[in-house]
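A short write-up of the structure that comes next.
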Amino acid sequence: MRVILIAMACLGAAWAQSYVGPKPARPDLPYLRHATQLIALEVAEAREEKRKEGTAYVSAGAASPTRTPMAEPVFLFESKSIPAEKLTLYKLDVKASNREVFFFDNPKKKRDSARPLRLTVTRLAPGLSKLEANETLFPGEYALTPEGSNQVFLFQVF
């Protein structure tokens with residue numbers, strides 16, 4: 001009985017600890033974490049373009065000013081209206097000085113459509129989450145986007 005009480009006390013103390021690192025300046029905007037520095041991701045609205053074989057979501061510009069050398073970046077996200085669990089990560093293709101992600105309509109070509117990359121979401125404090133890429137990101141352009149929205153948060157891995 002005594003062991004259970006000690007274990008519960010330790011668990012309660014661990015649960016009560018709060019996050020003490022840097023915190024995002026604005027809610028609903030992912031920040032790239034570089035040690036103790038936070039860098040806001042580029043915010044844009046992707047325009048939807050219907051094409052012959054599917055739909056492309058296009059963001060202006062060939063490269064994001066937000067850059068990281070980390071192949072498995074870490075983001076901090078303070079949620080106010082966008083749940084952290086609803087963010088998805090996509091690799092973008094650069095075409096004609098734009099960044100785009102393409103989804104095929106044809107069921108036979110669906111396997112060639114853009115697929116979300118794996119993210120791990122960890123709660124650090126109420127409303128504050130850490131998002132980590134769960135796979136190696138190769139050099140290129142990437143976007144975090146809330147499901148069901150054309151809003152994109154852009155960054156570059158170099």
With no solvent and one equal point scatterer per Cα, compute the Debye intensity ratio I(q)/I(0) for the chain at 0.09, 0.11, 0.16, 0.20 Å⁻¹ and report its log10, rounded to two decimals. -0.36, -0.50, -0.90, -1.28
Would you tally the net charge around GLU53, using a Cβ to Cβ cut-off of less than 15 Å, leaving GLU53 out, and scoring K and R as +1, D and E as -1? +2
Please compute the contact order of the chain in relative form: average sequence separation of alpha-carbon pairs under 8 Å and at least six residues apart, divided by the residue count, as a percent. 27 percent
Positive-end residue, the chain charge dipole about Cα centroid, Cβ charges, pick of ASN134, ALA62, PRO146: ASN134
Nearest 10 degrees is fine. How inclined is helix 2-16 to the longest principal axis of the chain, computing both from alpha carbons? 50 degrees
Under a point spin-label approximation (7 Å from Cα along Cα-to-Cβ), what is the TYR19-ALA125 distance to one decimal in nm? 0.8 nm
Between their Cα atoms, which of LYS23/LYS91; LYS80/LYS108; LYS86/LYS110; LYS23/LYS86; LYS109/LYS130 are more than 28 Å away from each other? LYS80/LYS108; LYS109/LYS130
3J(HN,Hα) from dihedral phi, segment 102-116, Karplus parametrisation 6.51/-1.76/1.60, rounded to Hz, x for glycine, proline: 10, 10, 6, 8, 5, x, 6, 9, 3, 5, 8, 5, 4, 10, x
Can you compute the modelled spin-label distance between THR88 and LYS50, with each label point 7 Å from Cα toward Cβ, in nm? 2.0 nm
Taking Lys and Arg as +1 and Asp and Glu as -1, residues besides LYS23 with C-beta under 12 Å from its C-beta add up to +2
Helix-only estimate, please: 222 nm mean residue ellipticity of the chain, summing -39500 (n - 2.57) across DSSP H runs of length 4 or more and dividing by its residues, to the nearest 500. -3000 deg cm²/dmol
So what is the relative contact order for segment 68-139, in percent, with contacts set as C-alpha pairs under 8 Å and at least six apart? 42 percent
What does the charge dipole of segment 11-158 about its Cα centre add up to, to the nearest 20 debye, if the Cβ of each Lys and Arg holds +1 and the Cβ of each Asp and Glu holds -1? 180 debye
Hypothetical label at HIS34: residues of segment 48-73 whose amide nitrogen lies under 15 Å (7 Å Cα-Cβ projection): 64-73
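Throughout, read-outs are computed from the coordinates displayed, never taken from laboratory work. None of the values given here were measured: they were computed from a predicted structure. A quick note on method: Cβ atoms are made from the backbone with ideal geometry, for glycine too, and the neighbour counts reach across all protein chains shown.
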